């Protein structure tokens, strides 16, 4: 019965493929589903300023949500629509595994275990983060190694708990974890004085210090980064075509910054004689088709969200409340880690 | 059994329909299981319980077992289970005491006590438990002083945001525990003996010797140990206290919240039980010149019990399951640790299956215990 079902399904797929002969044969199930829906569904954080947070009008803003928009425009063209599903750290992988969302564009650290055993794939890194400590200035701390015996508030469902245990064990000091289900409960307990330190990724700490602290100047972020937290978009392992699209949209945004293509000048750049820019923007070559998309995929992504540098400056850069420097997130040519594989 | 009646035979019909329903359920379960395994394979998600023996690599804030980050996920779950059981058992004891007091107070003839008890019940049982937990936690963490300014309530006892810190014995805890167990056993033994004597001779079964035994034996053990060993006193440090024992504000908030919430329901159950006993019973007791307290203890409560125990069991089950709200206020209970493990390993189905199994076992145990108790008390005196 099972075989019969499979054969029937294969037959139906063949018919469908023949009927839609115009569409590229490589299109995976996710791309088809997204196109049919006319909308991409992205899992985002429930509210991390600068990364994914809903503003007062319900509009989602942030670096990771901008990435979702870039993919959406690349895939769906001018009629691109996105649905953002806020997910808690515990829900996110299950939501992706069950197909409830097409992609996670949130602060989710890339680790071997997650990549290899959860039925998902990381499509790259859009932010190199690391875990740190937020403490009251009144404690007069200079280093995280002075936190011996402290109570530390943190949220479950992240790598934070593991990193804390590793760091304190490596430094032969002790601490008491106070673990909450949600980031906002952990930070409320911290600001009420239950813990001497709040531990999370630096990106979250910067955002919390600015938007939640009663007076930002009374709080400091300790210099130690106790972990590597590369944050990137995550897709299901069962659809490699979709994985490739997510990965190369990210590459295209970084490549655009390398080539100096911005959301402002992308229309003029279409006239450019530079072969690299021509390939990227689809004025020559057939890179879009190889992805199962059309020639203008990268053009639309850049036009919509800007290149990687623009996304960074707009959401978390020095001129935003988060005041973060590019640091590890600068282009490789400027001493950072952002490096696009050849878009050719 | 005679089944020759065919479809018109109700016994035959019953068996066929039951078999059909059972078969349907079995097919649905089998379908879901096959589907699940297929989906997991298709999405290349690893399955199995092997992760339980891997190193957990995270710390837990409160543990009654020796635990550190090198212990296994299985040990971590056990730590969480113990943390849950502590809250469940203490919560059941405290809510029963508080509920008993409030329930009897609500029937009091005193014009102040009864309305106060009613007001308490109405206020507490009509506000969601989660909200109450947040409230208690906020009270404990916002209003108490920071560890560096904590007042010394008694010598060696401090109350601060970081919790209640108290001095403990360096060693000899086992002897005190033995004293306590001995006290309980002796008290029980005396109770049995005095009741039998009361049946035989009519001499009153006294309560005070039992209480003395219950308190005096562990107290004597405590004094003995305290005289011979040192105390481990909490010492203020830069961030709080080190040494001594501690009750975290998370545990306190959870225990207080759960107990007070369930006490309101237990009070109502008790009130209903007592009111269900006919008025004639109190009148008869009064005509035998029993005091009001005696009437309550010897006549009303034993009859009320058969009505009280089943809903009481329900309430205990509720309390035990509601301990899983702990995660909202940062108490490391079974659910909280299970959540962490799901995140570290991604083995959601396995961990949730374990959690369900544990909660089910816990609830069924409480149920069985209360059924046994019910069978013992329900019909006393109504033979």
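Looking only at region A:298-311, decide whether some residue is in the same structural domain as residue A:67 (by TED's automatic domain parsing) and surrounded by fewer than 16 Cβ atoms within 10 Å (Cβ to Cβ).
Checked against the condition, which is being in the same structural domain as residue A:67 (by TED's automatic domain parsing) and surrounded by fewer than 16 Cβ atoms within 10 Å (Cβ to Cβ), region A:298-311 yields no hits at all.
Only one of B:317, B:334 is at pLDDT 90 or above and under 13 Å from residue B:60 (Cβ atoms); which? Quick ask: steps written out before the conclusion?
Numbers: B:317 fails: under 13 Å from residue B:60 (Cβ atoms).
Exactly one of B:317, B:334 is at pLDDT 90 or above and under 13 Å from residue B:60 (Cβ atoms), namely B:334.
Determine which member of the set B:322, B:371 is assigned to a helix (DSSP H, G or I) and surrounded by fewer than 16 Cβ atoms within 10 Å (Cβ to Cβ).
Of the residues listed, the single one that is assigned to a helix (DSSP H, G or I) and surrounded by fewer than 16 Cβ atoms within 10 Å (Cβ to Cβ) is B:371.
For residues in region B:97-148 being over 18 Å from residue B:261 (Cα atoms) and touching a residue at least 12 places away in the same chain (Cβ under 8 Å), which is farthest from the other protein chains (Cβ to nearest Cβ)?
B:107
For residue A:124, only one of the following conditions fails: (1) in a strand (DSSP E or B); (2) under 30 Å from residue A:309 (Cα atoms). What is its number?
If we test residue A:124 against (1) in a strand (DSSP E or B); (2) under 30 Å from residue A:309 (Cα atoms), just (1) comes out false.
Okay, residues lined up against (1) part of a strand (DSSP E or B); (2) touching a residue at least 60 places away in the same chain (Cβ under 8 Å):
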| site | (1), (2) |
| --- | --- |
| A:84 | yes, no |
| A:101 | no, yes |
| A:128 | yes, yes |
| A:162 | no, no |
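Within region A:222-246, which residues are surrounded by fewer than 20 Cβ atoms within 10 Å (Cβ to Cβ), under 17 Å from the mean Cα position of the chain (by Cα) and in a helix (DSSP H, G or I)?
Matches in region A:222-246: A:244 only.
Search region A:170-194 for residues that are free of Cβ contacts under 8 Å to residues at least 24 places away in the same chain and at negative phi and pair each with any residue that is surrounded by 19 or more Cβ atoms within 10 Å (Cβ to Cβ) and in a helix (DSSP H, G or I) when their beta-carbon atoms are under 7 Å apart and the residues are at least 6 apart or on different chains.
A:192/B:141
Given the residues B:159, B:116, B:153, B:135, which is the only one that is under 24 Å from the mean Cα position of the chain (by Cα) and either within 30 Å of residue A:186 (Cα to Cα) or modelled with pLDDT under 95 (or both)? Outline the logic, then answer.
Numbers: B:159 fails: under 24 Å from the mean Cα position of the chain (by Cα); B:116 fails: under 24 Å from the mean Cα position of the chain (by Cα); B:153 fails: under 24 Å from the mean Cα position of the chain (by Cα).
Testing whether each residue is under 24 Å from the mean Cα position of the chain (by Cα) and either within 30 Å of residue A:186 (Cα to Cα) or modelled with pLDDT under 95 (or both) leaves just B:135.
From the list B:221, B:285, which residue is touching a residue at least 24 places away in the same chain (Cβ under 8 Å) and touching a helix residue (DSSP H, G or I) at 6+ places or on another chain (Cβ under 6 Å)? Lay out the reasoning, then the answer.
Numbers: B:285 fails: touching a residue at least 24 places away in the same chain (Cβ under 8 Å).
Going through B:221, B:285 in turn, just one is touching a residue at least 24 places away in the same chain (Cβ under 8 Å) and touching a helix residue (DSSP H, G or I) at 6+ places or on another chain (Cβ under 6 Å): B:221.
Conditions first: (1) farther than 20 Å from residue A:193 by Cα; (2) buried (at least 18 other Cβ atoms within 10 Å of the Cβ); (3) not assigned by TED's automatic domain parsing to the domain that holds residue B:334. Residue B:158 passes all but one, so which condition is the exception?
With (1) farther than 20 Å from residue A:193 by Cα; (2) buried (at least 18 other Cβ atoms within 10 Å of the Cβ); (3) not assigned by TED's automatic domain parsing to the domain that holds residue B:334 applied to residue B:158, the lone miss is (1).
Residue by residue through region A:103-121, note down the ones that are within 13 Å of another protein chain (Cβ to nearest Cβ) and in a loop (DSSP other than H, G, I, E, B). Spell out the reasoning first.
Here is the first cut: in region A:103-121, the residues within 13 Å of another protein chain (Cβ to nearest Cβ) are A:108-109, A:111-121.
Those that are within 13 Å of another protein chain (Cβ to nearest Cβ) and in a loop (DSSP other than H, G, I, E, B): A:108, A:111, A:119.
For residue A:198, indicate whether it is touching a strand residue (DSSP E or B) at 6+ places or on another chain (Cβ under 6 Å), part of a strand (DSSP E or B), surrounded by 24 or more Cβ atoms within 10 Å (Cβ to Cβ) and more than 7 Å from every other protein chain (Cβ to nearest Cβ). Give the derivation first.
Working: touching a strand residue (DSSP E or B) at 6+ places or on another chain (Cβ under 6 Å): yes; part of a strand (DSSP E or B): yes; surrounded by 24 or more Cβ atoms within 10 Å (Cβ to Cβ): yes; more than 7 Å from every other protein chain (Cβ to nearest Cβ): yes.
When the stated conditions are applied, residue A:198 passes them.
Using the structure shown, decide if residue A:314 is at pLDDT 90 or above and closer than 30 Å to residue A:217 by Cα. Quick ask: steps written out before the conclusion?
Values: at pLDDT 90 or above: yes; closer than 30 Å to residue A:217 by Cα: yes.
Yes: the conditions hold for residue A:314.
In region B:85-96, is there at least one residue being within 14 Å of another protein chain (Cβ to nearest Cβ), at pLDDT 90 or above and within 24 Å of the chain's Cα centre (by Cα)?
Residues of region B:85-96 that are within 14 Å of another protein chain (Cβ to nearest Cβ), as a first pass: none.
The answer is no, given that none of the residues of region B:85-96 is within 14 Å of another protein chain (Cβ to nearest Cβ), at pLDDT 90 or above and within 24 Å of the chain's Cα centre (by Cα).
Identify the single condition in (1) surrounded by fewer than 16 Cβ atoms within 10 Å (Cβ to Cβ); (2) assigned to a strand (DSSP E or B) that residue A:271 does not satisfy, given that it satisfies every other one.
Here residue A:271 clears every test but (2).
What number of residues within region A:130-154 satisfy the criterion of being touching a strand residue (DSSP E or B) at 6+ places or on another chain (Cβ under 8 Å), outside any strand (DSSP E or B) and facing chain B (nearest Cβ under 9 Å)?
3
The values are calculated or read from the model by the stated rules, or taken from the named source; none is laboratory data. Remember, it's a predicted structure, so these values are computed and weren't measured experimentally. When we count neighbours, we look across all protein chains shown, and the Cβ atoms used for this are built from the backbone with ideal geometry, even at glycine.
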